[in-house]
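The values are calculated or read from the model by the stated rules, or taken from the named source; none is laboratory data. If you're wondering where the values come from, they're calculated on a predicted model, not measured in any experiment. Positions of Cβ are generated from backbone atoms using ideal geometry, with glycine treated the same way; all protein chains shown enter the neighbour counts. To get the accessible areas, we keep the full protein, side chains included, count just its heavy atoms, and leave off ligands, DNA and RNA. Shrake-Rupley method; radii C 1.70, N 1.55, O 1.52, S 1.80 Å.
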Amino acid sequence: MDGDFDLFVVGGGSGGVRAARIAASLGARVAVAEGRSWGGTCVNRGCVPKKFLVMAAEYGLAAADAQGFGWRGGAPRCDWPALVSAVGREVARHAGIYRDLLDRAGCTCFEAEARLLGRSEVEVAGRRVRAGHILIATGGEPVRPDIEGAAHLLVSDDLFTLPELPARVVVWGGGYIAVEFASLLAGLGAEVALVYRQPLPLRGFDADLRSGMAEALTAVGVRLHPGATVAAVTKAAGAYEVRLAGGGRLAADAVLAAIGRRPNTGGLGLAAAGVAVDGVGAVPVNGRSETNVPGIYAVGDVTNRLRLTPVATAEGHALAESLFGAGRPDFNREAVPTAVFTTPPLATVGLTEEQAAALGPADVYISRFTPLRHHLTGRKRQTLLKLLVCRETGRVLGAHMLGEDAPEIMQGIAVAMTAGATKADFDRTIGIHPTAAEEFVTLRTRTRAAGAG
């Protein structure tokens, strides 16, 4: 056998690359195998290209809004092929950066799929190599539903390479990927219908934000079909007919299924190494990212825990430090901020009202208002801010926002909550005027109480 390493990383996405880089900087001999694209889903088929498309949609809306500020000119039109080409170039640049970071760190890179042969053996590019530690960081993949006409369905990976923008799109799903794509496609000029099982989109998010999101999607022209699911898709006259379970039909030029993601564990040889997987194919791990097999670890979406790129990165960093460094860098899993990049975006950190109430008495503070700019544009858009506060300790348990700049604002709120900020800390902080963010430090009147007591 040849090619011995201290750490072999299977997967070149955010979590795997961070673990490899940190381990190499600590003196470990590191190899990384990636058979598809460096940077993983986030760089190539997720966060980065999606955010560019969101920005593109926002430019069109901003051009329309400019009329309210005295700007005059014809309505702009998005050149979809030019947009996709520009996004593709930037994605390729980002992927190259990830590969370059590994090369500069001194890692050995295999542009090939890897398969575990045992607790310390991996097969890659026709070679068998040994490693003291193996990290599984292969991420996730979109669920492709098994329905009549499934071959006609697109998944999120497909959207970034469409040759033209579909005029009519049915988006199937109610999670963050579904609402993001529904919002951006509508902003780019498509007629969009969103089909989802729940009464409101974004199951698992705070109820007020879910209601606000439904209103925001409607405001950008998305037609909502709650309590519904797709039963079949048939091709008809160059377009598609979408049949809904329980009745109803929708016409579309494209049908996007965004009904979830699953861990990417197929073909990894986990059974040969004795690594356990759960019912959805995820790799169970403990708080130290250890699997049931000593010396084999997993981080990121493949574990089906917090499926967020920064969490995967933090997990990879922590693992490398624990294996080859002096200790584990601290990160707070209880106050992980996240955002949904719709127009306007949503951002949240901490507990929902339901979760806070389950822990005991909590005070709820809510502010709703029209953003300053839209008093001139006339656009029907509302900003919603919400704080949840433990009545006993005064500590802020959750912060939520739906509105312009919400993700940028929530990052700072997350720092405060990680530091244990109380409502009194918010109250004694001076706001920046006029901003939406200042509302978080001027909330004085309790909206309602939640929880027992």
Practice prompt. Report, by residue number, each residue of segment 29-45 that is buried (at least 23 other Cβ atoms within 10 Å of the Cβ) and of a type in the set (Gly, Ala, Ser).
Written response: ALA31, ALA33, GLY39, GLY40
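Restricting to segment 410-428, give me the number of residues that are closer than 17 Å to PRO310 by Cβ and either among the aliphatic types (A, V, I, L, M) or in contact with a helix residue (DSSP H, G or I) (Cβ under 7 Å, 6 or more places away or on another chain) (or both).
Taking segment 410-428 and keeping what is closer than 17 Å to PRO310 by Cβ, we get 410-415, 417-418.
Checking the rest, the ones that are also either among the aliphatic types (A, V, I, L, M) or in contact with a helix residue (DSSP H, G or I) (Cβ under 7 Å, 6 or more places away or on another chain) (or both) come to 410, 413-415, 417.
Result for segment 410-428: 5.
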Practice prompt. Hand me the list of helices (runs of 4 or more DSSP H) wholly inside segment 370-436 holding 3 or more residues that are at positive phi, among the aliphatic types (A, V, I, L, M) and open to solvent by less than 30 Å² (accessible area, probe 1.4 Å).
Written response: none
Discussion item. Condition (residue is within 20 Å of VAL441 (Cβ to Cβ), surrounded by 23 or more Cβ atoms within 10 Å (Cβ to Cβ) and in contact with a Gly (Cβ under 6 Å, 6 or more places away or on another chain)) applied to segment 341-350: is it met by at least one residue?
Written reply: yes
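Looking at segment 340-355, can you tell me whether even one residue there is under 17 Å from the mean Cα position of the chain (by Cα), in a helix (DSSP H, G or I) and at pLDDT 95 or above?
Within segment 340-355, the first condition is being under 17 Å from the mean Cα position of the chain (by Cα), and the residues that meet it are 340-350.
Imposing the further condition that a residue be in a helix (DSSP H, G or I) reduces the set to none.
The answer is no, given that none of the residues of segment 340-355 is under 17 Å from the mean Cα position of the chain (by Cα), in a helix (DSSP H, G or I) and at pLDDT 95 or above.
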Worksheet, complete the sentence: Flagged in segment 118-161 as open to solvent by 40 Å² or more (accessible area, probe 1.4 Å) and polar (S, T, N, Q), in numbering order, are THR161
Worksheet item: Taking interchain pairs and intrachain pairs at least six residues apart, which have beta carbon atoms under 6 angstrom, with the first residue in segment 283-303 and farther than 14 Å from VAL10 by Cβ and the second β-branched (Val, Ile, Thr)?
Response: VAL285/THR291; VAL285/THR303
Discussion item. With the requirement that a residue be at pLDDT 95 or above, open to solvent by 50 Å² or more (accessible area, probe 1.4 Å), outside any helix (DSSP H, G or I) and not acidic (Asp, Glu), what does segment 72-117 give you?
Written reply: GLY106, THR108, ARG115
Discussion item. Give all pairs with beta carbons closer than 7 Å in which a residue from segment 418-443 that is in contact (Cβ under 8 Å) with a residue 40 or more places away in the chain meets a residue that is aromatic (Phe, Trp, Tyr); count only pairs at least 6 apart in sequence or on separate chains.
Written reply: PHE440/PHE426; LEU443/TYR365
Worksheet item: All but one of (1) open to solvent by 70 Å² or more (accessible area, probe 1.4 Å); (2) not in a loop (DSSP other than H, G, I, E, B) hold for VAL277; which doesn't?
Response: (2)
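State yes or no: is ALA23 in contact with a strand residue (DSSP E or B) (Cβ under 7 Å, 6 or more places away or on another chain) and closer than 26 Å to ARG307 by Cβ? Explain how you work it out, then say what you get.
Values: in contact with a strand residue (DSSP E or B) (Cβ under 7 Å, 6 or more places away or on another chain): yes; closer than 26 Å to ARG307 by Cβ: yes.
Against the criterion (in contact with a strand residue (DSSP E or B) (Cβ under 7 Å, 6 or more places away or on another chain) and closer than 26 Å to ARG307 by Cβ), ALA23 qualifies.
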Practice prompt. Evaluate the following for ALA19: is it in a helix (DSSP H, G or I) and closer than 30 Å to LEU268 by Cα?
Written response: yes
